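What follows is a single structure, written as structure tokens, with notes after it.
FYI, it's all coordinate maths here, none of it is from the lab. Note that the structure is a prediction, hence the values are computed from the model and not measured. So basically every Cβ, Gly included, is an ideal-geometry build from the backbone, and we count neighbours across all protein chains shown.
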Amino acid sequence: MSARLKGELVHPNRTGIISQIHYSPDGKRIIAGDYPGGVVVVWDVATGKQLTAIETGYGYRGSAQYFFLSPDWQTLYVSRQKRKVERLEKEGKRLMHWTFEGDVRAWNLATGQIAKTFKHEPPRGMRAMQLSPDGTKFVTSDEIPGTYEGQPKSGVSLWDVETGQYRTLPDGLEPDKFSPDGGTLAMTSADQGYAQAVKLFDTATGKEKLSVPIKDANARVFVLAFSPDGRLMIANYAVYEKDKKSDKARSWLKWWDSTTGREVATFAADPNDYFTYRCRLSPDGRNLAVANWQGDKRRLFLFSVPDKQLVKTVVLGEKKEGGKIAPVRAGLQSGRQVVGDHHPGTSRDKRGIGCPRHRPAAHPSD
């Protein structure tokens, strides 16, 4: 046991994984949720006392990153859905009739009581959600009821937290990332799972204001982060050699000017290696940390955001005989600690800074 261990906080649910851990802005509280149990707990840092436990509901959601906090730490948001399918045959075709119950529930974090519920009318499923940094809006990834030959149609809705009103956005979009001021939402336009364009929408009007075309076939793209001023957009960009085959591919970090759509920098991963679909920004937004998840070495790449340059690579582990990854003791020369994911879909960033993880669950990085 390390002498540096100051104490431990025990989550009441021992059967799942701890999927998110965040400090409050003042450093006096810690919040954590288990997955798939859905129990979110708040502790007092000084005493270790459990302050609140909220049962948001058991379930395998679109991502293990399932709860979101308002900036003032007063409200907890969690989406959920129930889906029902009825198989039928019509004119010789085998069809599936889908119905959904979905909502986003908001809890008072201090009391643990539900404060508000957001629902579509007519009902839709809600696979996942993401709250804007300013806490005034959220976006949901929806499933639309109806009769289909296979899986249900997907949709996206943009919600106003104060009024509870929503607007549906065009078909074929997958939400990626809000800008730091919450005024812009980056989304990927996709067809058959492959990206056609990265689109930026004005969250006040719901109107598209920029489209960056993706010219490569069999590409999957996910916007990881914006620079603090919102002028720079950083994305994971992977191109697969063959359709519906993920064994051979190339991966890059692409940096775009979010005003013009011009590519301003690109960094390539090794062949058949991939950057993860999660990142960490430093509190001042000047440094970006992202890791790889394939190859013989697991590495952490540290980038200067203002300079758009790779400044350091830290080897975290090496593949040994049998395919296991053995950790490598490595530290940063500056003496500052970098805390990364300890399990796919989990977060240990002390300031609660990270990337939303709804859509990437469908990608091989998870």
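According to the square roots a ≥ b ≥ c of the eigenvalues of the Cα gyration tensor, what is the shape class of segment 1-100, taking rounded for a/c under 1.5, prolate for a/b larger than b/c otherwise, and oblate for the remainder?
Working: a/c = 3.91, a/b = 2.62, b/c = 1.49.
Prolate shape, in that a/c is at least 1.5 and a/b is the bigger ratio.
Taking the convex hull of the Cα atoms, report for segment 210-329 its projected area averaged over all directions, in nm². All intermediate terms of the calculation are to be shown ahead of the outcome.
Values: hull surface 33.2 nm².
Mean projected area of the Cα convex hull: 8.3 nm².
Would you mind checking the pairs Lys242/Lys308; Lys49/Lys82; Lys177/Lys312 and listing those with alpha carbons more than 28 angstrom apart? Before the final figure, lay out the partial values.
Working: Lys242/Lys308 31 Å; Lys49/Lys82 34 Å; Lys177/Lys312 25 Å.
From the list (Lys242/Lys308; Lys49/Lys82; Lys177/Lys312), the Cα-Cα distance tops 28 Å for Lys242/Lys308; Lys49/Lys82.
What distance in nm lies between label points placed 7 Å from Cα along the C-beta direction at Thr313 and Gln192?
3.5
Have a look at Ala186, Thr203, Pro170 and report the one farthest towards the positive end of the charge dipole of segment 167-216, computed about the Cα centre with Cβ charges (Lys/Arg +1, Asp/Glu -1).
Of Ala186, Thr203, Pro170, it is Thr203.
Tell me the label-point distance for the pair Lys209, Asp296, using the 7 Å Cα-to-Cβ offset, in nm and rounded to one decimal.
4.8
Distance from the Cα centre of segment 1-74 to that of segment 140-176, in angstrom?
29
Mind jotting down the distance between the C-alpha centroids of segment 263-280 and segment 105-119, whole Å?
38
In nanometres, what is the gap between the two model label sites at Lys82 and Lys320, each 7 Å from Cα along Cα-to-Cβ?
4.8
Do you know the relative contact order of the chain, to the nearest whole percent, from alpha carbon pairs under 8 angstrom that are 6+ apart?
Reported relative contact order: 11 percent.
Rounded, prolate or oblate: which one fits the chain, using the alpha carbon gyration tensor with axes a ≥ b ≥ c (rounded when a/c is under 1.5, else prolate when a/b beats b/c, else oblate)? Kindly include the intermediate steps, with their values, before the conclusion.
Details: a/c = 1.42, a/b = 1.10, b/c = 1.30.
Rounded shape, in that the Cα axes give a/c under 1.5.
Among Leu51, Leu288, Leu69, which one shows the highest mean-square fluctuation when the chain is modelled as a Gaussian network with alpha-carbon springs under 10 Å?
Checking each option, the largest mean-square fluctuation is seen for Leu51.
For the pair Ala3 and Asp171, what calculated FRET efficiency results from E = 1/(1 + (r/R0)^6), where r is the Cβ-Cβ distance and R0 = 56 Å, to the nearest 0.05? Intermediate results must be reported in sequence, preceding the final value.
Numbers: r = 57 Å, r/R0 = 1.01.
It comes to 0.50.
Taking the Cα centre as origin and putting +1 on Lys and Arg beta-carbons and -1 on Asp and Glu beta-carbons, what dipole magnitude results for segment 210-329, to the nearest 20 debye? All intermediate terms of the calculation are to be shown ahead of the outcome.
Numbers: 22 positive and 14 negative charges, 62 e Å.
Computed about the Cα centre, the dipole is about 300 debye.
Placing +1 at every Lys and Arg Cβ and -1 at every Asp and Glu Cβ, with all other atoms neutral, what dipole size does the chain have around its Cα centre, in debye to the nearest 20?
Details: 55 positive and 42 negative charges, 169 e Å.
For the chain, the charge dipole is close to 820 debye.
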